[in-house]
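The values are calculated or read from the model by the stated rules, or taken from the named source; none is laboratory data. Since this is a predicted model, take the numbers as computed values, not measurements. Glycine also receives a Cβ, built like all others from the backbone with ideal geometry; neighbour counts cover every protein chain displayed.
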Amino acid sequence: MSDPLRSSRDTIEHGRQRIDEFKRESMPYLNSDPYEVVAETSADGTEDTIKVKLSRPMPRGLDGIAFDAANSLRSALDQAARACAVAGGKPPRNAGFPFGETKAEAEARRTGKSRNIPREMFDFMITHQPYKRSDKPFRGSENVLWCLNRLANTNKHEFLVPTGIVSGSIEGVFQTRGQIIGDFVWPPEWDASKNEMTIARVPHGDRPDFKLKVAFYMAFGEIEGIKGDQVAGVLNTMVDAVERAIDGIDAEARRIGLFK
């Protein structure tokens, strides 16, 4: 049995390989403890803010690898849509997968940029919700294809940010004769715009004996729907969603006799 979607499946595999490459290239950096603990004194000289700061930038090229992976996954859907158009006797132009910001916008592609997709297959593609369904976070899995389209169409040169999280617990000497001499900032939150997070505030000159471990991961930057989410996890979720869509398109096209 022929596979009209072979190109889509090969493109998904390319995307998967790029995700694996991203993991291989990023892990040595993330495991190298690329941070330092610093103390910043307040303007009046009375207080020190203890911070964890990124000390080394992420390796160059990681954003390009992730961007290529996302574009491969999006292209796989466009290739499937074009294959349906060709099987229905139409040219592959004006047969892009019907992405949209809203359901109405996606539906409007029926007579626009997706008009050469056979009607039954267009309707089936819309069931995969290639539009923003709700304001729920990406991990709610409702906006996966919409987020994929946003990511693949981003015009930001650097859209990834190293992000630190405290692993385990933080211990510090914060009392003298039972009196509190400083404050933890808990839970500490990473400020991606400054590549740092505040751990504690103490009187100037005090140096709590911290025992802390900060784990780093690569997160998406200012991209709606996936800001702050882990890159590899998001891309793997997108692979699963695209594979389900391609398998579904294949099965539906054979059911209605479009694919022989």
When restricted to Leu235, Leu212, Leu258, the only residue among the hydrophobic types (A, V, I, L, M, F, W, C), over 23 Å from the mean Cα position of the chain (by Cα) and at pLDDT 90 or above is Leu258
Examine segment 83-102 for a residue that is assigned to a helix (DSSP H, G or I) and of a type outside the set (A, V, I, L, M, F, W, C), and state whether such a residue exists. no
Tell me yes or no: at least one residue of segment 214-233 is of a type outside the set (Val, Ile, Thr), buried (at least 20 other Cβ atoms within 10 Å of the Cβ), in a helix (DSSP H, G or I) and at negative phi. no
Tally time: how many residues in segment 1-42 are more than 24 Å from the chain's Cα centre (by Cα), assigned to a loop (DSSP other than H, G, I, E, B) and among the small types (Gly, Ala, Ser)? 2
Can you find a residue that is without any contact (Cβ under 8 Å) to a residue 12 or more places away in the chain, surrounded by fewer than 17 Cβ atoms within 10 Å (Cβ to Cβ), farther than 29 Å from Ile199 by Cα and not aliphatic (A, V, I, L, M) anywhere in segment 61-69? yes
What is the one condition in (1) over 20 Å from Gly164 (Cα atoms); (2) without any contact (Cβ under 8 Å) to a residue 60 or more places away in the chain; (3) polar (S, T, N, Q) that Thr237 does not satisfy? (2)
Can you spot a residue in segment 50-65 that is of a type in the set (Gly, Ala, Ser) and part of a helix (DSSP H, G or I)? yes
Among Pro98, Pro130, which is touching a Leu at 6+ places or on another chain (Cβ under 6 Å) and within 19 Å of Ala251 (Cα to Cα)? Pro130
Before we move on, is Glu158 modelled with pLDDT under 80 and either of a type in the set (Gly, Ala, Ser) or under 17 Å from the mean Cα position of the chain (by Cα) (or both)? yes
Candidate set from segment 103-134 (those that are part of a loop (DSSP other than H, G, I, E, B) and among the β-branched types (Val, Ile, Thr)); member that is modelled with the lowest pLDDT: Thr127
